Amino acid sequence: MSAGEEDGASSTKTPTVDPDEILVRQIKVGGGRPLFFDETRAAPPFVDRSLFLPSPNDVDGLSLIRLRYRSDVWAAFRSNTSDQRYRLARLLPSALIECARSVGIEWLHFSPSPDELDREHGEPWAHCNVQEINRKDYENKSDRTAKDRILAWANAVSTSVTLADVSSPFPPPDPAHDRYRPAAE
Amino acid sequence: MTTDSSIATLEPGPARGIEAAPDAIATSSRADHAAVWDQCIDALLGIWNTSGSIPEPAPSNATIDAAIRILREMRRIDPTNTPICIVPAPDGGIIVEWRNDLNGTESIQTVAFLNDGTIEIVTYRDGFAESRTLEEGFPT
C-alpha cells in the first residue's frame, strides 16, 4: 500500500504519495530559532519539535509539499504571505510513518489536497496533508492521548532531521525564470 | 596550600596535583547556574516590545511577563535546575525546556506560555509524551 492510499480518493487525478518521495515542511525564517540555548549541555536541534506540530491551519492534517510536483523555490513560497521567507525541511513519508509507529500511531495517510498554488497550476497537486497529525485531534481536550501522540511524533521527527535536511531560506520565485514544476525527478 | 585562582574558578589549566576543594566547586556551580538563569531572563527581556526576528505571531508582552515571573520563581525554588532552551512557540508564545536524567533516561520537560493565557506542560520520556494544561493560566 502506498503512503497516500486511502478509500474514496477518487476525486483527484493526483497520484498517491510514494513512501520514498521527498516531501517538505515549510519553516518560517526565524521560526523555532532559540532565544536561548545552553550549548554546554547539548547541541541545539536543527528544527525545533514545535515546528512539526499542526498549526491552526492544519485542521485536516499537517501540510507538506511534494517536491515531485513543485520545485523547491516554489515550495518555499506562499502567495497569501508573499513577504514571508521559508526554509524547507526535507522528509520521507516512510520515515514519518516509522516515527508514527514508534509513538503508537498505526499508520499515516498522506492525502493530496490543493493549496492556492495548486489551484493556479492544476493537477497534479503538490500540497498534501498528513491526516493523523491534525489540529482537531491536537486540540481535543476530551481525549488527551491523541494530542500526546502527536507531540511525541513531532519530537521523534525533529530528532531525525539533520542539517542536510534543512535548506537555506529561498528568495521569492521569479515566474519568468523559476520553473514551477521540477525539471526532472 | 595553593592560592591559584584558576583552581578556585575551575578554569582549565595544567594538572597541579590538587583537586579543587568542594566549596570551590559549589561556588563555581552556583555562579554558573546563576549565569544561565540570567541569560534566560535577558533573552526574554530582549524581545519585550519587539518581536525582532521572531515570525508572527510573536509572543505578547503579557506572555513574556508571565514567563519571566515564573522563571524567577523557579530559580528561587530550584536554582540548580536551569533551563536548556527557550524558543518562541509557532502559534504565539514562549516555550521553556528543561532536561533531566532520571535513572539513566533523559526526560525533557517543556513549559509553554501561550498568548491565549494558558500554560501547557509536556513531558517527553522513552519516546512518549504526556501533556497537561494548567486551567488557571497565567498567574496574576
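Sort out which residues of region A:78-99 are away from every other protein chain (no Cβ under 14 Å), open to solvent by less than 50 Å² (accessible area, probe 1.4 Å) and touching a Lys or Arg at 6+ places or on another chain (Cβ under 9 Å), and write them in order of number.
Selection gives A:Leu88, A:Leu91.
Can you find a residue in region A:147-161 that is more than 17 Å from A:Arg68 (Cα to Cα), without any contact (Cβ under 8 Å) to a residue 12 or more places away in the chain, open to solvent by less than 60 Å² (accessible area, probe 1.4 Å) and not in a loop (DSSP other than H, G, I, E, B)?
Yes, region A:147-161 has at least one match.
Kindly indicate whether A:Glu132 is of a type outside the set (Ser, Thr, Tyr), surrounded by fewer than 19 Cβ atoms within 10 Å (Cβ to Cβ) and within 13 Å of A:Val59 (Cα to Cα).
The answer is no for A:Glu132.
Could you grab me the full set of residues in region B:124-133 that are within 21 Å of A:Ala156 (Cα to Cα) and either away from every other protein chain (no Cβ under 11 Å) or surrounded by fewer than 17 Cβ atoms within 10 Å (Cβ to Cβ) (or both)?
Passing the criteria: B:Arg125, B:Asp126, B:Gly127, B:Phe128, B:Glu130, B:Arg132.
Go over the candidates A:Ser102, A:Ser50 one by one and state the one that is open to solvent by 30 Å² or more (accessible area, probe 1.4 Å), within 18 Å of A:Ala152 (Cβ to Cβ) and at the interface with chain B (Cβ under 10 Å from one of its Cβ atoms).
Answer to the check: A:Ser102.
Would you please name the residue that is farthest from B:Gly137 (Cα to Cα), looking only at residues in region B:71-95 that are open to solvent by 40 Å² or more (accessible area, probe 1.4 Å) and hydrophobic (A, V, I, L, M, F, W, C)?
B:Ile77
Could you check how many residues of region A:105-121 are open to solvent by 40 Å² or more (accessible area, probe 1.4 Å) and touching a Lys or Arg at 6+ places or on another chain (Cβ under 9 Å)?
Of the residues in that region, 3 qualify.
With the structure loaded, tell me whether B:Leu45 is modelled with pLDDT of 90 or more and exposed (fewer than 14 other Cβ atoms within 10 Å of the Cβ) or whether it fails that test.
yes
Let me spell it out: the conditions are (1) in contact (Cβ under 8 Å) with a residue 12 or more places away in the chain; (2) assigned to a loop (DSSP other than H, G, I, E, B); (3) within 12 Å of another protein chain (Cβ to nearest Cβ); (4) surrounded by fewer than 19 Cβ atoms within 10 Å (Cβ to Cβ), and B:Gly117 meets all of them except one. Which number is the exception?
Exception for B:Gly117: condition (3).
Which of the residues that make up region B:81-113 are part of a strand (DSSP E or B), facing another protein chain (nearest Cβ under 8 Å) and not hydrophobic (A, V, I, L, M, F, W, C)?
B:Pro88, B:Arg99
The values are calculated or read from the model by the stated rules, or taken from the named source; none is laboratory data. These numbers were taken from a predicted model, which means no experiment stands behind them. Glycine also receives a Cβ, built like all others from the backbone with ideal geometry; neighbour counts cover every protein chain displayed. The area values use the complete protein model at the heavy-atom level, side chains included, leaving out ligands, DNA and RNA. Shrake-Rupley method; radii C 1.70, N 1.55, O 1.52, S 1.80 Å.
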